[in-house]
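Below: the structure, in structure tokens.
Rule-based calculations on the coordinates, nothing more; no lab input. Quick caveat, the model's predicted, so the values are computed rather than measured. Here the Cβ positions follow ideal geometry from the backbone for every residue, glycine too, while neighbour counts run over all protein chains shown.
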């Protein structure tokens, strides 16, 4: 397949310490590309010594793709790895925009595996929208409905919205996916959320939590309305406290 036949780029961050299911992940990526051939995988790492290993994995599993390395900076007081994650996503965004042919970027996390039809399923959910989040289980308990572990973005969104984050001196963090939501909504883009695809989130090489596709309950749908999320995230930045993350913990305790 020629490069200009690719219309979806899958972007994934990779760290040596978090590579406990790398073989499983690449085997899954091979299945995804067999199901949807017009896709390629780009792996991004800040660990330059790790890039060769990732390239070998692409070759060994016959997965179409490439590996890019990136640098990142963070404040002196920073204790959170969010700066590495955000810089990696931004590096993938820039890589994507350098190519003229793909129309969609699908972020998938490397500690998860996905139903083979993830691309076509997410494209179907994209109809009438610009950003699609598919929910997945957290490693501890509960599930998320607006994380970058599985999110599909159009080229137009990526041309206007950069990845960024906040970490305040009080230790509070506003994550890159929070700000992606806020910035995309502020630009007038439409956001769709749901549990569209089956996802396994691995806690270790042989233990995972599975999230099946299902409808979103009414209360949760209301709490994730784009207008409400926009207000809560803007409030979080203003008061330097992650309100959506706090509400997530409350919801889990109340089993909502």
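Quick look at the numbers
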{"quantity": "Sole residue being without any contact (Cβ under 8 Å) to a residue 40 or more places away in the chain and in a helix (DSSP H, G or I), chosen from 220, 249", "calculated": "249"}
{"quantity": "Qualifying strands (runs of 3 or more DSSP E) (wholly inside segment 120-211; at least 1 residues being within 15 Å of the chain's Cα centre (by Cα))", "calculated": "131-134, 150-154, 191-194, 199-204"}
